[in-house]
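Working notes, beginning with the structure itself.
The values are calculated or read from the model by the stated rules, or taken from the named source; none is laboratory data. Because the structure is predicted, anything quoted here is derived from the model rather than measured. Every residue, glycine among them, receives a Cβ derived from its backbone with ideal geometry; neighbour counts consider all protein chains shown. Calculation scope for accessible area: heavy atoms of the full protein, side chains included, ligands and nucleic acids excluded. Shrake-Rupley method; radii C 1.70, N 1.55, O 1.52, S 1.80 Å.
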Amino acid sequence: GAVESVKAVSDLFAPISGTVVEVNAKLKDEPQLVNQDCYEKAWMLKIKPSAREEMQHLLSAAAYRQFLES
């Protein structure tokens, strides 16, 4: 997939393989939600993992934040 803004289009990367089972249609009419409430109202998609063992390698939100700060 792709994420489009006023200035650019960026590819969407997922940390696990799987099948998209739901897309947040609300973002089509309210894209600003991504910047306001990305963890609750502005999730982009839901994925059904094809390889459950990949889930073991995901970071928590706190660990990801720490990674970004380093």
Next on the checklist: Output wanted: per-residue J couplings in Hz (rounded whole) for region 57-64, from phi through Karplus 6.51 cos²θ - 1.76 cosθ + 1.60, θ = phi - 60°, x for Gly and Pro.
Outcome noted: 9, 6, 8, 6, 4, 5, 5, 5
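At 1.4 Å probe size, put LYS48, LYS28 in order of accessible surface, largest to smallest.
From most accessible down to least: LYS28, LYS48.
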Checklist entry - How much length, in nm to one decimal, is gained on full extension between VAL9 and ARG65, taken as 0.36 nm per residue of separation minus their Cα-Cα distance? => result 17.8 nm
Checklist entry - HN-Hα J couplings of region 9-18 from phi, Karplus 6.51/-1.76/1.60, θ = phi - 60°, integer Hz, Gly and Pro as x? => result 10, 10, 5, 9, 10, 10, x, 9, 8, x
Checklist entry - So if we plug the beta-carbon distance of ASP37 and ILE16 into 1/(1 + (r/R0)^6) with R0 = 25 Å, what FRET efficiency do we get, rounded to 0.05? => result 0.60
